[in-house]
Protein chains: 2
Amino acid sequence: MPLMRSWVESANSPDTDFPLNNLPYGVFTRDGAEGRCGVAIGDMILDVTAAEEAEVIYPVRHTTVFDVPHWNAFMELGPDAWAAFRDRLTALLAEGSPDRAAVEPFLVPQAEVQMLMPLAVAEYTDFYAGRHHATNVGTMFRGAENALPPNWLHIPIGYNGRASSVVVSGTDVQRPWGQLKAPDADAPVFAPCKRFDFELEMGAIVGQPSDGMVSVAEADRMIFGYVLLNDWSARDIQAWEYQPLGPFQAKATATTISPWIVTAAALNAFRVDTPERDVQLLPYLRQPGPMLYDIALEVDLAPEGGTATTITRTNYAEMYYSSAQQLAHHTSSGCPMNVGDLLGSGTISGSTKPERGSLLELSWGGKEPLALDGGVTRSFIEDGDTITLRGAAKGDGYRVGFGACSGTVRPAQQKPDWA
Amino acid sequence: MPLMRSWVESANSPDTDFPLNNLPYGVFTRDGAEGRCGVAIGDMILDVTAAEEAEVIYPVRHTTVFDVPHWNAFMELGPDAWAAFRDRLTALLAEGSPDRAAVEPFLVPQAEVQMLMPLAVAEYTDFYAGRHHATNVGTMFRGAENALPPNWLHIPIGYNGRASSVVVSGTDVQRPWGQLKAPDADAPVFAPCKRFDFELEMGAIVGQPSDGMVSVAEADRMIFGYVLLNDWSARDIQAWEYQPLGPFQAKATATTISPWIVTAAALNAFRVDTPERDVQLLPYLRQPGPMLYDIALEVDLAPEGGTATTITRTNYAEMYYSSAQQLAHHTSSGCPMNVGDLLGSGTISGSTKPERGSLLELSWGGKEPLALDGGVTRSFIEDGDTITLRGAAKGDGYRVGFGACSGTVRPAQQKPDWA
């Protein structure tokens, strides 16, 4: 698919994340007022809350869904409404649109706004579906022969995370406290995390509820869109707490998502298949078509006051399981899924060292500190460091991007007198 | 504390779960109409939604909180309002109250209503804080020498569950499908669970939000009340899926709670300390006072059309960690807790066989089937079985009870054509 041209000139630049082909959904505020729903186009945002009120635009006649500061009400309308609304937006913003004069008053420069959470996260699940990541971590902790757990090639391993900890790009993240136990210590101590890390992931947003088991094909239709996702991880807390019931406080400090939801419709042109299977999946997990996406991803680390170094370049297509497979598996027990559920893909690492999606892997558990531009090194994140994820599917002369997903790590809170 | 007498005669019976000392909070409906907030008193319910509307009762003047079918809005008012409202209810319903004539029209017989979920569950966390349960399960899976994981005596082990799967007593539970792998099989199959089980737990309801770490004392003040909780568990699904990230679909089918929230205030007279510590806890987990409760618990199993057998009798005081300790630990990473969060205590087992809180323990992994009245046996739950939890703190001549927490297991859904 070629670039679709818009009368918003900045949307036709090959460098923008937001051409007419994209039309991602977010929530913004000016001057701290209540959040409004917006659609990115070039360096502008179409204020759809105002446009709906003015009856210039509507997802479904006689329904108001943009009077709330999230996209959940719109998601509830379902796939037919999603498609109709996207068609309408495309027509309104296309080069030569007769509606330009009616729409233009509702454009706001992105430079003048602050982005908020684009959705109300119902529940948050995180998966472990990157084969290179699972192999790297498994090799570090269990040795190369036992790197992949026996179930890994059969089942998209996942665990429930904490929806209350999901924040939007730009939110500072405070280094957590936790129980830490050195391998040679007799007992744990309660102290600030020393091995704080990021995880490069994509997040799938569930846009329709389930009632009972759903097929992979149906799960694919339930996914509204995708965000970039940084699953901040306290490696030392995790090492001590995670047996036998999995990660808990190690993953509860924060998870940062990009402010823009790129819709499944916008990504449709970039579908790719999952990698070749080592063992055949059970029928309920088999995909009827390609359900991963070719999305180039990268991560920057910038020390406080220093320059950013790109420390990872990889691709979402590296995942072993798609979000549709994960969602189908999630419903296999009858677990009810709801509008606004967020599914983290799992850490996305490629097969080579510069493609690894976490510092744990990049520094090999701290044994091989990573050299950054400017002569400093990192094994794990230090206070003041900013981690920025970026991602885009690349078309011919344009990109369908997510904007930045960024967070700065602040020092741990002072020790309370009761701790 | 002695029985407090009410002008509602049935509330003065030694056998009721709902004397004036209790006053638990629930949501009920008649004829399928929208849920209304109610307070149990003897065999009646005070319709507080109607009483608030009629200005007979109010939690805080000029605030309406009972026009919604859950107690979350009331919880948000905070501990001072909780105490004032309870005082007002006590005065209105006490023997000799001058307000009897004003209140009596708002009483509804419990026999005429259906109970609904008493709260909107924000997020659900389940713990593993019963020492006898952890020892039993650990002995079965890892041997008696390694029964307790190394972290268990230092940390209240927990994992995030699925809020969308929490249902109220009386809701049928459908046997789940899942990936099952026999120990001697090469690969898993996708099939209905064969080892479906209950877990006897208490659930603590978080009534105030957190922003950063909280102390155990503060956590105790944040807990609004308690429910009975049955954490339905698919043992065969869990065995195959739970390494390395913990239980997921094995716990996602359903969790049943009692319809009545018994407030922390009502249970205050029954506080007891946690059992003696084997190793001293880190300061952030130490309790400034007794924060467990002496609550007698029992579980009935009734086959379809058969008589019920009480298969377990134990006590909440058996837990090693209190809900306040669990909640304080939950916030240690900075994880934001919210009004309506539900914390499962973990399975409550006593030290002897008839005190075990799950069939996994009672039948020792299926090796010692349990004999029921009527000559039948059970290793795990069969289709048509009803599991009923009951619990009460016992005062002198009265009980502060929870009502029944019950669920019937229905057959698994038919195999879909894509599975």
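The values are calculated or read from the model by the stated rules, or taken from the named source; none is laboratory data. Computed from a predicted structure; not experimentally measured. All Cβ positions, glycine included, derive from the backbone under ideal geometry; neighbour counts span all protein chains shown. Areas reflect the complete protein model, heavy atoms only, side chains present, ligands, DNA and RNA absent. Shrake-Rupley method; radii C 1.70, N 1.55, O 1.52, S 1.80 Å.
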Problem - Peptide ranges B:170-179, B:246-255 listed from the most packed, as the mean C-beta count within 10 angstrom indicates - result: B:246-255, B:170-179
Problem - At most 12 other Cβ within 10 Å, DSSP loop - GluC sites (Glu not before Pro), the stretch A:27-127 - result: A:Glu34, A:Glu55
Exercise for the section: Mind telling me which of B:Thr263, B:Thr309, B:Thr352 comes out most flexible in a GNM of chain B, alpha-carbon contacts under 10 Å? Expected result: B:Thr352
Exercise for the section: Pairs of Cα atoms under 8 Å, at least six residues apart: use those to get the relative contact order of chain B, whole percent. Expected result: 21
Handout entry: Using a 7 Å Cα-to-Cβ projection, B:Glu34 label spacings across copies, nm, ascending
Key = 1.9
Handout entry: Peptide A:147-156 - average C-beta neighbours from other chains (10 Å radius)
Key = 4
Completion exercise
Ordered by number, the trypsin sites (Lys or Arg not before Pro) in the stretch A:327-390 that occupy a DSSP loop and have at most 11 other Cβ atoms within 10 Å are A:Lys367
Handout entry: Directionally averaged shadow of the stretch B:9-116, computed from the convex hull of its alpha-carbon atoms, nm²
Key = 6.6
Problem - Protein-only accessible surface order, largest first, of A:Arg235, A:Arg286 at 1.4 Å - result: A:Arg286, A:Arg235
Handout entry: Charge dipole (debye, nearest 20) of the protein assembly as shown; +1 at Cβ of Lys and Arg, -1 at Cβ of Asp and Glu
Key = 1480
Completion exercise
Between A:Arg277 and B:Asp80, the two model label points (7 Å from Cα along the beta-carbon direction) sit apart by a distance in nm of 6.2
Problem - Set of the stretch A:153-192 residues, backbone N closer than 12 Å to the point 7 Å along the Cα-Cβ line of A:Asp383 - result: A:174-176, A:192
Fill in the blank from the handout: Over the protein assembly as shown, the sum of -39500 (n - 2.57) across DSSP H runs of at least four, divided by residue number and rounded to 500 deg cm²/dmol, gives at 222 nm -4500 deg cm²/dmol
Exercise for the section: Name the residue farthest towards the positive end of the dipole of the stretch A:353-406 from the options A:Trp364, A:Tyr398, A:Val376, assuming +1 on Cβ of Lys and Arg, -1 on Cβ of Asp and Glu, about the Cα centre. Expected result: A:Tyr398
Exercise for the section: Under 9 Å from the Cβ of B:Thr125, count the other residues' Cβ atoms, weight Lys and Arg +1, Asp and Glu -1, and hand me the total. Expected result: -2
Handout entry: Accessible surface buried upon A-B contact (total; probe 1.4 Å; Å², nearest 100)
Key = 5600
Fill in the blank from the handout: In a Gaussian network model of chain B with springs linking alpha carbons closer than 10 Å, the residue among B:Thr314, B:Thr125, B:Thr29 that fluctuates most is B:Thr29
Exercise for the section: Pop a pseudo-label 7 angstrom from the Cα along the beta-carbon direction at both A:Val108 and B:Thr90 and give the gap in nm to one decimal. Expected result: 5.1
Exercise for the section: Normalise the Debye intensity by I(0) for the stretch A:58-122, one equal point scatterer per Cα, no solvent, then take log10 at q = 0.12, 0.15 Å⁻¹ and round to two decimals. Expected result: -0.40, -0.62
Exercise for the section: Determine the shielding of peptide B:176-184 by partner chains: average, over its residues, the number of Cβ atoms on other chains within 10 angstrom of each Cβ. Expected result: 3
Practice task
Could you please state, rounded to a whole Å, how far the C-alpha centre of the stretch B:354-383 is from the C-alpha centre of the stretch B:385-419?
Solution key: 16
Completion exercise
With a ≥ b ≥ c from the Cα gyration tensor eigenvalues, square-rooted, and the rule rounded for a/c under 1.5, otherwise prolate when a/b > b/c and oblate otherwise, the stretch B:218-338 is oblate
Problem - Long-range amide H partners of B:Met44 with built H, under 5 Å - result: B:Gln110
Practice task
Taking a cut-off of 19 Å between Cα atoms, list the aspartates and glutamates near B:Lys353, but don't count ones fewer than 8 places away on the same chain.
Solution key: B:Asp197, B:Glu199, B:Glu201, B:Glu298, B:Asp300, B:Glu318, B:Glu361, B:Glu368, B:Asp373
Practice task
Quote the Stokes-Einstein diffusion coefficient, in whole µm² s⁻¹, for the protein assembly as shown, based on the Kirkwood radius over alpha carbon pairs, a temperature of 25 °C and a viscosity of 0.890 mPa s.
Solution key: 87
Practice task
Taking only Cα atoms and a 10 Å spring cutoff, compute GNM fluctuations for chain A and point out the largest among A:Cys335, A:Cys405, A:Cys37.
Solution key: A:Cys335
Practice task
Give the chain B residue with the shortest beta-carbon distance to the rotation axis relating chain B to chain A, plus that distance as a whole number of Å.
Solution key: B:Gly246, 1
Problem - Label-point gap, in nm, between B:Lys353 and A:Val189 - each point 7 angstrom along Cα→Cβ - result: 4.8
Completion exercise
Charge tally for neighbours of A:Asp15 with beta carbon under 11 Å away, counting Lys, Arg as +1 and Asp, Glu as -1, is -1
Fill in the blank from the handout: Any lysines whose Cα falls less than 22 Å from that of A:Lys251, other than same-chain ones fewer than 8 residues away, would be A:Lys181, A:Lys194, A:Lys415, B:Lys251
Problem - Peptide-level mean, for A:336-342, of C-beta atoms on other protein chains within 10 Å - result: 2
Problem - FRET efficiency for B:Ala101 and A:Arg30, using Cβ-Cβ distance with R0 set to 60 Å, rounded to 0.05 - result: 0.60
Fill in the blank from the handout: Counting all Cα-Cα pairs in the stretch A:136-242, those more than 16 Å apart amount in percent to 74
Problem - Euclidean distance of C-alpha centroids, the stretch A:90-146 and the stretch B:16-56, integer Å - result: 45
Fill in the blank from the handout: Rounded to the nearest whole number, the per residue volume of the convex hull around the C-alpha atoms of the stretch A:124-410 in Å³ is 133
Practice task
Only Lys, Arg, Asp and Glu count, each charged at its Cβ (+1, +1, -1, -1), so figure out the dipole size of the stretch B:124-410 about its Cα centre, rounded to 20 debye.
Solution key: 100
Completion exercise
One finds, for B:Ala371 and B:Ala182 with R0 = 25 angstrom and r their Cβ-Cβ distance, a FRET efficiency to the nearest 0.05 of 0.40
Completion exercise
Per 10 angstrom bin, beginning at 0 and ending with the bin that holds the maximum distance, the Cα pairs of the stretch B:266-415 fall in percents of 10, 31, 31, 22, 6, 0
